[in-house]
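Participant: Quick one: the structure is below, questions incoming.
The values are calculated or read from the model by the stated rules, or taken from the named source; none is laboratory data. Keep in mind that what you see is a predicted model, and the values were worked out from it rather than measured. All Cβ positions, even for glycine, are placed from backbone atoms using ideal geometry, and neighbour counts span all protein chains on display.
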Amino acid sequence: MEHAFKQKVFYCDTDAYGVVWHGTYLRWLEMGRVFVCEKTGVKLSELENMDIVMPVAQLDIKYKQSARLDDEIIIETEISEYNKVSMTFNQRIINADTKKLYISATVKVVAIHKDGTLYRSLPEQVLNIVRLSGAKFTAPDLNNLNRITAGCL
């Protein structure tokens, strides 16, 4: 399941030179991940009420070129895979007219309790999101798992 939405680049999204500030892309990526979850019928606020919070545990972003003031962009998001403890989103931000790639990102999220302790496996409510998305199950990389979840324990 993929979700895409259009966004205009506003003055508040840019630096003094009219170029999108690098942190603005992170906000747009977050919006895309929220929309994908909502598309499966799950609101993050509802998960939080069930003591499930899904912070970013790993982010790999490649900046290809800068969006500029007044550009129309498209944010594309899909859940690409999941394992016992995390799910991975693939995301792209492109120019709506030229289709030129501005950024590509891979974002891994985990499920934690509100007190910050890690769920040892994704809760059923989160598994429903990934199952509805059509994402593939992959075995977790146990060598990398401690590093990814270190801040969530």
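Participant: Can you report the number of residues in the range 74-120 which are touching a strand residue (DSSP E or B) at 6+ places or on another chain (Cβ under 7 Å) and either in a loop (DSSP other than H, G, I, E, B) or farther than 19 Å from Lys39 by Cβ (or both)?
Facilitator: Here is the first cut: in the range 74-120, the ones touching a strand residue (DSSP E or B) at 6+ places or on another chain (Cβ under 7 Å) are 74-83, 85-97, 100-110, 112, 114, 118-119.
Subsequent filtering for residues that are either in a loop (DSSP other than H, G, I, E, B) or farther than 19 Å from Lys39 by Cβ (or both) retains 83, 85-86, 94-97, 100-104, 106, 108, 110, 112, 114, 118-119.
Number satisfying all stated conditions: 19.
Participant: Quick one: is Thr24 surrounded by 15 or more Cβ atoms within 10 Å (Cβ to Cβ) and either touching a Leu at 6+ places or on another chain (Cβ under 7 Å) or outside any strand (DSSP E or B) (or both)?
Facilitator: Spelling it out, Thr24 is indeed surrounded by 15 or more Cβ atoms within 10 Å (Cβ to Cβ) and either touching a Leu at 6+ places or on another chain (Cβ under 7 Å) or outside any strand (DSSP E or B) (or both).
Participant: Same structure, new question: Hey, can you tell me all the residues within the range 64-101 that are closer than 23 Å to Gly23 by Cβ and of a type in the set (Gly, Ala, Ser)?
Facilitator: Across the range 64-101, the qualifying residues are Ser66, Ala67, Ala96.
Participant: If a residue must be aliphatic (A, V, I, L, M) and over 20 Å from Ser86 (Cα atoms), how many such residues does the range 1-59 contain?
Facilitator: Residues that pass the stated criteria total 5.
Participant: Let me ask another. Return the residues of the range 36-55 that are farther than 18 Å from Ser104 by Cβ, within 13 Å of the chain's Cα centre (by Cα) and touching a residue at least 12 places away in the same chain (Cβ under 8 Å); say none if nothing qualifies.
Facilitator: Hits for the range 36-55 are Cys37, Met54, Pro55.
Participant: Take the residues in the range 70-92 that are under 17 Å from Arg27 (Cβ atoms) and touching a helix residue (DSSP H, G or I) at 6+ places or on another chain (Cβ under 6 Å); name whichever of them is surrounded by the most Cβ atoms within 10 Å (Cβ to Cβ).
Facilitator: Ranking the candidates gives Thr77 first.
Participant: Here's another thing I want to ask about it. May I ask you to list pairs of residues, at least six apart or on different chains, whose Cβ atoms are under 9 Å apart, with the first in the range 10-33 being on the phi > 0 side of the Ramachandran plot and the second being part of a helix (DSSP H, G or I) and exposed (fewer than 15 other Cβ atoms within 10 Å of the Cβ)?
Facilitator: Gly18/Tyr11
Participant: Failed condition for Thr138, given (1) buried (at least 18 other Cβ atoms within 10 Å of the Cβ); (2) at pLDDT below 95; (3) of a type in the set (Val, Ile, Thr); (4) over 16 Å from the mean Cα position of the chain (by Cα), with all others met?
Facilitator: Thr138 satisfies every listed condition except (1).
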